[in-house]
Amino acid sequence: MEILQSVHSYLAYVALGLLILAVLNAVSGWMGNKVFTMGRDLRLSLFTLIICHIQLVLGLLLWAFSSNGLAALNEFGVGGLNAPARLLALEHPLINIIAIALITIGWSRHKKFLDGKPKFKSIAIFYGLGLVLILSRIPWGQWFG
């Protein structure tokens, strides 16, 4: 379990870094009316999507098998958890599922457009919303505590 926790924690830095880069790249492309390239723009967005999905799967495995996730909910119920425990057992996984769904929607929507501006706009908005949600529910105390 400790290995899974470590991988999930370190991969989070990679996922956040890529997500920030993808959002900045998409905003730059959207505002600058740039051409969406199949090289850098597509690869950055796709690799970010893949890493975020891998991170989600690892997180769900951790939630299912650690004492801080499903076991805590079963033992104490939602009302019996203090704020840090509720963050780990309920808020963090739920909000991150929604965030990854938004990122996936942004990826799927961008494929429907031919021009760069709407492609970048779709990625900027949906990846950006996903980033905000993820940042809102990171257990910062565990990362830096």
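The values are calculated or read from the model by the stated rules, or taken from the named source; none is laboratory data. The structure presented is a predicted model; accordingly, all values stated were derived computationally and were not measured. In this analysis, Cβ positions are derived from the backbone assuming ideal geometry, glycine residues included, and neighbour counts consider all displayed protein chains.
Suppose the filter is at pLDDT below 95, of a type in the set (Lys, Arg) and either over 18 Å from Ala22 (Cα atoms) or surrounded by fewer than 19 Cβ atoms within 10 Å (Cβ to Cβ) (or both); does Arg86 pass it?
For Arg86, the condition - at pLDDT below 95, of a type in the set (Lys, Arg) and either over 18 Å from Ala22 (Cα atoms) or surrounded by fewer than 19 Cβ atoms within 10 Å (Cβ to Cβ) (or both) - is met.
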Residue selected from the range 15-39 under the condition among the β-branched types (Val, Ile, Thr) and loosely packed, with under 14 Cβ neighbours inside 10 Å, by the criterion farthest from Ile138 (Cα to Cα):
Val35
Only one of (1) among the polar types (S, T, N, Q); (2) under 16 Å from Pro139 (Cα atoms); (3) within 16 Å of the chain's Cα centre (by Cα) fails for Thr48. Which number is that?
(2)
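Which one is nearest to the chain's Cα centre (by Cα), of the residues in the range 71-83 that are in a helix (DSSP H, G or I) and small (Gly, Ala, Ser)?
Ala83
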Looking only at the range 24-37, count how many residues are aliphatic (A, V, I, L, M) and under 17 Å from Ser108 (Cβ atoms).
1
Matching option when the condition is touching a helix residue (DSSP H, G or I) at 6+ places or on another chain (Cβ under 7 Å) and either within 22 Å of Ile51 (Cα to Cα) or aliphatic (A, V, I, L, M) (or both), among Ala71, Ala85
Ala85
I'm trying to understand the selection: among the residues of the range 2-11, which are touching a residue at least 24 places away in the same chain (Cβ under 8 Å) and either hydroxyl-bearing (Ser, Thr, Tyr) or within 19 Å of Leu46 (Cβ to Cβ) (or both)?
Ser9, Leu11
In the range 100-110, how many are in contact with a Ser or Thr (Cβ under 9 Å, 6 or more places away or on another chain) and either in contact (Cβ under 8 Å) with a residue 12 or more places away in the chain or not polar (S, T, N, Q) (or both)?
6
